[in-house]
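First the structure, in the form of C-alpha cells, and then the observations on it.
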Amino acid sequence: MTTPATRRRVEEALLPPLVALLVALVVGDILIILVGQSPSAVFSLMLSGTWGNWYGFGQVLYKATTLICTGLAVSFALRAGLFNIGAEGQLAAGGFAAAVMGLVLPAGTPGLLAVPICILGALAAGGVVGAIPGVMKARFGAHEVIVTIMLNFIVLALLNWIVASHLHVPETLHTPDMRAGTVARLMDWVPAFHGSAVNASLFIALAAAGVVGWMLFRTRAGYELRAVGLQPDAAEYGGVTVGTVWMKAFLISGALAGLGGINYVLGYKYYYEEGFAAGSGFLGIAVALVGRNHPLGVVIAAFLFATLSQGGLAIHALVPKQMVEVLQGVVILAVAAAVPEVRRLVMGARSGAAT
C-alpha cells in the first residue's frame, strides 16, 4: 500500500513531464504546419519509426539506456545541490575502462565473471573522474561547474591520446575488440529486435534507477544528501559533514555516468571508440531537469528524448532535422514553465480534498 508521501513523489515525478509533452506536441503542431506539412502525418511517421516497429523500438531502448545513466548522474548531484556538467567525460571514462578490462581478461573468461568485472571497471573509472570535482569543491572551494566543464576536455583528450598512441586498431580510432569475446557481450542476452543495438545494459540501467531511488528516499545517506541539497548550512548545523556528502555525491554521480559506457562497449561495438556517445552526457542534463531529479522521472524523460532522437531520423524526409532539436528545447522550456503551475494545481487539489 502506497503512502501519501510516495504518492506525492510520484505526482511530482510524472505530472511535469506529461504537461511538457503536451505543450511540446502543441508547439510541434504549429511548427510542422509552418513548414507546410501535416502534423498527423509527421507524428504518425515518427511513431511508426520508433515504437511502431521492432528495429525502431530497439533503437529507442538503446538510446534511452545511456540517457538513463547520464540523467541519473546529473540528477543525483543536483539532489546534493551540485551541478555536474562532466557526465560526458565520466561516460567516456567508463566506456574506456570497460573496454580495457575486456582486453586484459583472457579470451576464455566466463561471461558471469567477465561482465561484472567490466561493469565494475566502468563504475570505478566514472567514479574517479567524478570524485575530482567533489574533492576540489569540498577541500578548496572550487566551483563544480567550472571544474567539470574543464574535466570533460581533459578526460576526452587524454583518452583519445591513449587510444591513438597505444591501443588503436591500425587506420581506426578505436581499441581492439575485447579479448573476452562473446562471453562479455550483453547483446547476446536479449532478443535482437531486428538488428537494433538494444542490449541487456537496459536492465542494468533500470536497476541503477531503482537503487538510486531506494538510496535517496529510504536511507540515512540519502536523507543527508537531500538535506545538504536543500540547505547545507542547516544540514551542517544538524551534524552532517557537508564536504563529505559533496564528495560522495560526486563519486556516485560519476559512477552512474560511467555505467552508461557499457551500453556501447559491452552491448554494441565491443570496443571503445572516440566520440562513441557524443552529446549523451550533456543531454543527460536535460533528462534530469525534465525528470525533476526523480529516478522514475529520469527514466520517463530518457525514453522521451530517445524517442525524439530516433524519431528525427524517421521524419527527416518530411521536415528539417532541426525540428527534433527544437522540440527537445521546447520540452525543457515547457517543464521549466509547467513545474510551478502543476505544483500549484496539485497543492490546490490536495487542499480542496482535505477540506
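As a summary of the residue check, S351 satisfies the conditions (1) at pLDDT 65 or above; (2) over 19 Å from V23 (Cβ atoms) except for the one numbered (1). Looking at the stretch 52-69, can you tell me whether even one residue there is closer than 20 Å to K248 by Cβ, under 13 Å from the mean Cα position of the chain (by Cα) and crowded, with 24+ Cβ neighbours inside 10 Å? Within the stretch 52-69, one or more residues are closer than 20 Å to K248 by Cβ, under 13 Å from the mean Cα position of the chain (by Cα) and crowded, with 24+ Cβ neighbours inside 10 Å.
For the residues A138, A157, A97, the requirement of being among the aliphatic types (A, V, I, L, M), part of a helix (DSSP H, G or I) and either touching an Asp or Glu at 6+ places or on another chain (Cβ under 8 Å) or within 28 Å of T241 (Cα to Cα) (or both) singles out A138. From the list A13, A5, A20, the one residue that fits, being modelled with pLDDT under 75, surrounded by fewer than 15 Cβ atoms within 10 Å (Cβ to Cβ) and part of a helix (DSSP H, G or I), is A5. The residue that is surrounded by the most Cβ atoms within 10 Å (Cβ to Cβ), counting only those in the stretch 86-138 that are out of contact with any Lys or Arg (no Cβ under 9 Å at 6 or more places or on another chain) and over 23 Å from A207 (Cα atoms), is P133.
Give the residue that is surrounded by the fewest Cβ atoms within 10 Å (Cβ to Cβ), with candidates limited to residues of the stretch 23-51 that are polar (S, T, N, Q) and more than 23 Å from G279 (Cα to Cα). So that I can check it myself, show each step before the final result.
Residues of the stretch 23-51 polar (S, T, N, Q): 37-38, 40, 44, 48, 50.
Narrowing the set further to residues that are more than 23 Å from G279 (Cα to Cα) leaves 37-38, 40, 44, 48.
Working: Q37: 16, S38: 13, S40: 10, S44: 13, S48: 14.
Taking the candidates together, the pick is S40.
Within the stretch 319-326, is there a residue that is modelled with pLDDT of 85 or more, of a type outside the set (G, A, S) and assigned to a helix (DSSP H, G or I)? Looking through the stretch 319-326, none of the residues is modelled with pLDDT of 85 or more, of a type outside the set (G, A, S) and assigned to a helix (DSSP H, G or I).
Of G56, G108, all but one fail to be small (G, A, S), in a loop (DSSP other than H, G, I, E, B) and modelled with pLDDT under 95; the exception is G108.
Need pairs with beta-carbon distance below 6 Å; first residue more than 20 Å from V104 (Cβ to Cβ) and within the stretch 152-177, second surrounded by 15 or more Cβ atoms within 10 Å (Cβ to Cβ) and among the hydrophobic types (A, V, I, L, M, F, W, C); sequence gap 6+ or separate chains. Partner pairs satisfying both residue conditions: V155/A93; V155/V129; L156/A92.
Among the residues of the stretch 36-53, those that are under 22 Å from S196 (Cβ atoms) and either in a helix (DSSP H, G or I) or in contact with a Gly (Cβ under 7 Å, 6 or more places away or on another chain) (or both) comprise F43, S44, L45, M46, L47, S48, G49, T50.
Considered as a group, the residues in the stretch 253-270 that are at pLDDT below 90 and hydroxyl-bearing (S, T, Y) include one that is farthest from the chain's Cα centre (by Cα), and that residue is Y270.
When only residues in the stretch 243-281 that are among the β-branched types (V, I, T) and either without any contact (Cβ under 8 Å) to a residue 24 or more places away in the chain or surrounded by 17 or more Cβ atoms within 10 Å (Cβ to Cβ) (or both) count, which is farthest from K63 (Cα to Cα)? Please lay out each step first, then the result.
Filtering the stretch 243-281 for residues among the β-branched types (V, I, T) gives 244-245, 252, 262, 265.
Of the ones still in play, those that are also either without any contact (Cβ under 8 Å) to a residue 24 or more places away in the chain or surrounded by 17 or more Cβ atoms within 10 Å (Cβ to Cβ) (or both) are 245, 252, 262, 265.
Working: V245: 31, I252: 22, I262: 12, V265: 13 Å.
Taking the candidates together, the pick is V245.
Within the stretch 219-241, the set of residues being over 14 Å from A77 (Cα atoms) and among the β-branched types (V, I, T) comprises T219, V240, T241. Applying the set (1) assigned to a helix (DSSP H, G or I); (2) in contact with a Pro (Cβ under 7 Å, 6 or more places away or on another chain) to A227 leaves exactly one unmet item: (2).
Those residues that are surrounded by 15 or more Cβ atoms within 10 Å (Cβ to Cβ), assigned to a helix (DSSP H, G or I) and either among the aliphatic types (A, V, I, L, M) or modelled with pLDDT of 90 or more (or both), I need them from the stretch 163-205; list them, please. Before the answer, list the steps.
Filtering the stretch 163-205 down to residues surrounded by 15 or more Cβ atoms within 10 Å (Cβ to Cβ) leaves 163, 167-168, 174-181, 183-187, 190, 193, 196-202, 204-205.
If we keep only those that are assigned to a helix (DSSP H, G or I) as well, we get 163, 167, 181, 183-184, 186-187, 201-202, 204-205.
The answer is V163, L167, V183, A184, L186, M187, S201, L202, I204, A205.
On the basis of being assigned to a helix (DSSP H, G or I), within 10 Å of the chain's Cα centre (by Cα) and not charged (D, E, K, R), does A249 make the cut? So A249 fails the test.
The values are calculated or read from the model by the stated rules, or taken from the named source; none is laboratory data. All values derive from a computational prediction rather than experimental measurement. Counting neighbours? That spans all protein chains shown, and the Cβs are built from the backbone with ideal geometry, glycine included.
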